[in-house]
Amino acid sequence: MASALQHPKRRAPPGAFFAIIALAVAVSFREAPFLGFVDYDDPVAVLNPVLRGGFSWDSIRFAFTQAPINLWHPLTFLTHLVDFELYGTWAGGHHLGNVFIHLASCLLLFAWLRRYTGEDGLSLAVTLLFAIHPLRVESVIWVTERKDVLSLFFYLLTIWFYSAWATTTAAPARRRAYVLSLVAAVLGILSKPSLMTLPLILLLVDLWPLGRLRWEDRKDRALLRQRIVEKIPFAVLALVAAVVAWSTWSGNQFIGEAPNLPLALRAGFASLAYITYLQRTLLPIDLVPFRSYPMFLAGSAHILAFIAMGMTMVLAFLRLPKSPWFAAGWIWFVVAILPASGLITISDHFAPDRYTYLAHIGLFVAAVWGFAAWGRERRLAPTVGWVALVLVLIPCSILTHRQSLVWRDPETLWRHTLAAKGGNYVAHNQLGLFLLQAGRFDEGVAELQKAMAAKPGFPLPIANLARARANQGDLDEAIRLMREAGPD
């Protein structure tokens, strides 16, 4: 934004900014109370019979001992139990729970940026762009992704307390803030083991906005050692999170097996993932919940993507002396996505929208502060920044609302996926199951056959079609299909 988006000499009360953020979230996600559950993980991750009964010893035991979608997140399950106590199986209440947690994270993000940068307008711009960008829909609207919104809240809370510790001089207050930051980190791990990036993100926070690391300090080994030692407890927690994540995923891949890719190819796909995230950030249309790896792309595309990402990292380090916000923001974006970028393939699922949830904060910091610097250099009028922001936010809000409607029910979700991206074995399979359960047998069988054609040999649609034939009474065909599906 232009200079007008920097904080004025006389700062406005935070309540006005909080109201703007709350209004933007409410308008953009206004469809949440009227949406249903979908058949994509919701039946096992949320609508599990043990959870639907609300709080009991069995449900609490389930929360701490089970990982039905190969992720251990007991605190997330406990919040689902709260929802069932409050709303029963009314899906709208569960959706609202996600929206409220998302709003809490947005308010916390704004408060942190405002406090440690002193920039009211820039902090508001980053927060609003993050809050209502269409790429938020998968994390906020999909009930199963409660783990996403909950873990981000504790991630930001960890950063808030860490920043308080780093900028406080009184010993008792410092100790309290550090302990609280560790407690928040533990709660984040219990929500989703995604805090493995936390130590690196805290180093970036030291760089900007706290200014505890500067370009001039690069040769000060004592200071660098001190900054690293401060992160050791968080590094231990990050290691625990990584071990938990790997132990629950290992040998239990998602709906499709991960492609057996060599390291060089995985690095190429990871680079392509970053490029497609940037593309979807700028043009967030035709968003879908599942994309297979684009195996059809030529090797040159991988090489170019890898070179492009390498050049941006070099640029970030070159800009560090004069633009630490750019270096911190861009590296935040890269680091936050890295564990799920595709360097380690755990499923045939390429660059899901939800992986931008934490990463977009860094990207929008780099973009907003960069636009502000550009505006200052050209001495743009104060209204230019605000007009630019509004012209971006309005279509974002409209697209977010439209994308929310995609998640109304399973049929809407999968028909949108097929219309947006064409043949998709996951979409055909899920749509086929929904149609069969709805009593639309011929349509369901046709979709399962399309799933089999889209990915020959993939056992899930074959087994689903076998069950459909068995229910129809064609046992010979059912047995043949089950043998084709294999022993699993």
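The values are calculated or read from the model by the stated rules, or taken from the named source; none is laboratory data. Remember, it's a predicted structure, so these values are computed and weren't measured experimentally. A quick note on method: Cβ atoms are made from the backbone with ideal geometry, for glycine too, and the neighbour counts reach across all protein chains shown. Keep in mind that these areas ignore ligands, DNA and RNA; they rest on the heavy atoms of the full protein, side chains included. Shrake-Rupley method; radii C 1.70, N 1.55, O 1.52, S 1.80 Å.
Observations on the model:
- Options E377, E443, E447; residue that is at pLDDT below 95, under 26 Å from V126 (Cα atoms) and open to solvent by 10 Å² or more (accessible area, probe 1.4 Å): E377
- Qualifying residues in segment 398-439 (those that are small (G, A, S) and outside any loop (DSSP other than H, G, I, E, B)) - the one modelled with the highest pLDDT: S404
- Each residue in segment 455-472 was checked for being more than 16 Å from V445 (Cβ to Cβ) and free of Cβ contacts under 8 Å to residues at least 60 places away in the same chain, and 3 of them qualify.
- Each residue in segment 175-198 was checked for being open to solvent by 20 Å² or more (accessible area, probe 1.4 Å) and either outside any helix (DSSP H, G or I) or of a type outside the set (A, V, I, L, M, F, W, C) (or both), and 5 pass.
- Flag for L405 being within 16 Å of L35 (Cβ to Cβ), touching a Pro at 6+ places or on another chain (Cβ under 9 Å) and not aromatic (F, W, Y): no
- Just one residue in the set A12, A19, A111, A67 is under 23 Å from R136 (Cα atoms) and surrounded by fewer than 17 Cβ atoms within 10 Å (Cβ to Cβ); that residue is A19.
- Taken over segment 285-323, the criterion of being closer than 24 Å to L210 by Cβ, in contact (Cβ under 8 Å) with a residue 60 or more places away in the chain and open to solvent by 30 Å² or more (accessible area, probe 1.4 Å) is satisfied by P321 alone.
- Considered as a group, the residues in segment 229-271 that are open to solvent by less than 70 Å² (accessible area, probe 1.4 Å) and among the hydroxyl-bearing types (S, T, Y) include one that is modelled with the lowest pLDDT, and that residue is S250.
- Of the residues in segment 473-485, none is surrounded by fewer than 17 Cβ atoms within 10 Å (Cβ to Cβ), free of Cβ contacts under 8 Å to residues at least 60 places away in the same chain and under 30 Å from I285 (Cβ atoms).
- Hits in segment 54-99 - residues which are of a type in the set (F, W, Y), closer than 24 Å to S28 by Cβ and out of contact with any Gly (no Cβ under 9 Å at 6 or more places or on another chain): W90
- Qualifying residue in segment 142-161 (condition: open to solvent by 40 Å² or more (accessible area, probe 1.4 Å), farther than 28 Å from L283 by Cβ and more than 20 Å from the chain's Cα centre (by Cα)): yes
- Residue count for segment 326-364 under the criterion of being open to solvent by 10 Å² or more (accessible area, probe 1.4 Å) and in a helix (DSSP H, G or I): the result is 15.
- Selection from segment 286-338 of residues that are charged (D, E, K, R) and out of contact with any Phe, Trp or Tyr (no Cβ under 9 Å at 6 or more places or on another chain): D286
- Some residue of segment 103-120 being part of a helix (DSSP H, G or I) and either within 13 Å of R354 (Cα to Cα) or touching a Gly at 6+ places or on another chain (Cβ under 8 Å) (or both): no
- So G93, is it in contact (Cβ under 8 Å) with a residue 12 or more places away in the chain, surrounded by fewer than 23 Cβ atoms within 10 Å (Cβ to Cβ), farther than 24 Å from V368 by Cα and among the small types (G, A, S): yes
- Selection of first residues in segment 75-88 that are surrounded by 15 or more Cβ atoms within 10 Å (Cβ to Cβ) and of second residues that are charged (D, E, K, R), restricted to Cβ pairs under 8 Å at least 6 apart or on distinct chains, gives the following pairs, ordered by first then second residue: T76/R146; T76/K147; T76/K192; T79/R146; H80/R146; F84/R52.
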